[in-house]
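Contents: one structure, followed by commentary.
The values are calculated or read from the model by the stated rules, or taken from the named source; none is laboratory data. All values derive from a computational prediction rather than experimental measurement. All Cβ positions, even for glycine, are placed from backbone atoms using ideal geometry, and neighbour counts span all protein chains on display.
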Amino acid sequence: MRTLLAILFLLLAAPSDTAAQPPVLTTDVRFQETTRAAIDSLYNRNPEAARELMKPWAESWPDHPIWELWDAMELWWVVLTDIFDHSHDEELIQKMEQADRAAVELLRSDSSHPDGYVIRTVANGYIARQHSNRNRWIQSVRTARNAQLAHEKMGQLLPDLSDNLFAEGLKLYYAAHIPEAYPVVRAVSWLLPDGDKQRGLELLEKTSRDAVFVRPEAIYFMGNILLNYEHDYEEATRHFQHLVERYPDNSYYRRLLVRALFRQNRHVEAHNVIDRSLEYWESHQYDDEEVLREELLYWKGRIEMKTGSYRRARTLLDESFTLGKQLPNTSERSFQALSGYYAGLASEWSGDPGAAGDYYKQVVRLDCEKDVRDQARARLSDLQ
């Protein structure tokens, strides 16, 4: 009897594997509500507020692998704010891979734990996107495959989670778009899944309203697709405007909005957004002010050129060009080449060919934007 009681006591006192398992957070309505608010804070470049919102959950379940993913997502926004700065690349990939490994460990102990597949999908998706940002296409495709497999399993376990529609919408759209845009792909288009542009856009639109984790990403991709592939500039601008209104402290979305307005020749609106943004960033003294100024002064200079104010344009473009020299990885910065080239044009058109030649010479020596460098080389040849 004593032996039986001792065994019973040990069984009751010892933590079982099941009890030690992290709970399923992704289906908890309270967690979803908190996460939506925290992601909004994170995307509005306020990671401290986001962490404060998630703190009660982190304290209750400190060993849940979702917190490793959260750390990586915070760093993602540091990287994305200045995509030409490579100094955080290695750390970002390491953090995302660490989150992925933690999710794999969770799934080894419970292969049907949906949170593990959510984390694997998100982490591998970010890794694939960063590899594509650096033109590492093979690594990007391989990692995207891991994300896809995890997403398929996530869809089976959580069929009602709106976030599932995000990847499905992207897949449907691009499976239809790629063979149309790139004729060389048509010969192997049978390898691609069946595509449907309209259905893909509908799913992205639904995700942008209802998703928990990828709601702002769905809005971004909708805007990007409409701007660059569907050429529905007005609708694209509406999505970017929505992002700016929801995340006013995010310089990346401000820049996207200005690009969309410029593409539509809505110069007065673009000019107003630029001025308001520059004033807002200066008053708040945000760390990324110089990155914002580099791009927005370029667009402002281009607008001045459209109106024939070449001297004013040259001043603005020169300021953008000078700022770029002070930022990381100067030689590969797109706006370094663009601002230098157009500063040269503005100098030519305002009657200063000597200054124009100086700008063109500097642009030719850069490593980015080959077509811009070629144009600068051609202008330099004409001047000589």
Looking only at residues in segment 198-212 that are buried (at least 22 other Cβ atoms within 10 Å of the Cβ) and among the hydrophobic types (A, V, I, L, M, F, W, C), which one is farthest from residue 261 (Cα to Cα)?
211
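For a quick check of your reading: which helices (runs of 4 or more DSSP H) sit entirely within segment 251-326 and have at least 1 residues that are of a type outside the set (Ser, Thr, Tyr), surrounded by fewer than 21 Cβ atoms within 10 Å (Cβ to Cβ) and assigned by TED's automatic domain parsing to the domain that holds residue 341? Full working, then the answer.
Details: elements: 251-263, 267-284, 289-306, 310-326.
It comes to 289-306, 310-326.
Kindly check whether there is at least one residue in segment 285-303 that is among the polar types (S, T, N, Q) and touching a helix residue (DSSP H, G or I) at 6+ places or on another chain (Cβ under 8 Å). Break it down into steps so the answer makes sense when it comes.
Taking segment 285-303 as the starting set, the residues that turn out to be among the polar types (S, T, N, Q) are 285.
Checking which are touching a helix residue (DSSP H, G or I) at 6+ places or on another chain (Cβ under 8 Å) leaves us with none.
Scanning segment 285-303 turns up no residue that is among the polar types (S, T, N, Q) and touching a helix residue (DSSP H, G or I) at 6+ places or on another chain (Cβ under 8 Å).
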Sort through 378, 346 and tell me the only one that's part of a helix (DSSP H, G or I), among the small types (Gly, Ala, Ser), over 24 Å from the mean Cα position of the chain (by Cα) and closer than 27 Å to residue 279 by Cβ.
346
Restricting segment 84-128 to residues that are touching a residue at least 24 places away in the same chain (Cβ under 8 Å) and outside any helix (DSSP H, G or I), the one surrounded by the most Cβ atoms within 10 Å (Cβ to Cβ) turns out to be 113
What single numbered condition from (1) within 23 Å of residue 40 (Cα to Cα); (2) modelled with pLDDT under 95; (3) of a type in the set (D, E, K, R) fails to hold for residue 255?
(2)
Members of segment 131-148 found to be aliphatic (A, V, I, L, M) and loosely packed, with under 14 Cβ neighbours inside 10 Å, listed by number:
138, 141
All positions within segment 149-166 that are surrounded by fewer than 16 Cβ atoms within 10 Å (Cβ to Cβ) and at pLDDT below 90:
159, 160
Considering residues of segment 31-64 that are assigned to a loop (DSSP other than H, G, I, E, B) and under 22 Å from the mean Cα position of the chain (by Cα) only, the residue surrounded by the fewest Cβ atoms within 10 Å (Cβ to Cβ):
46
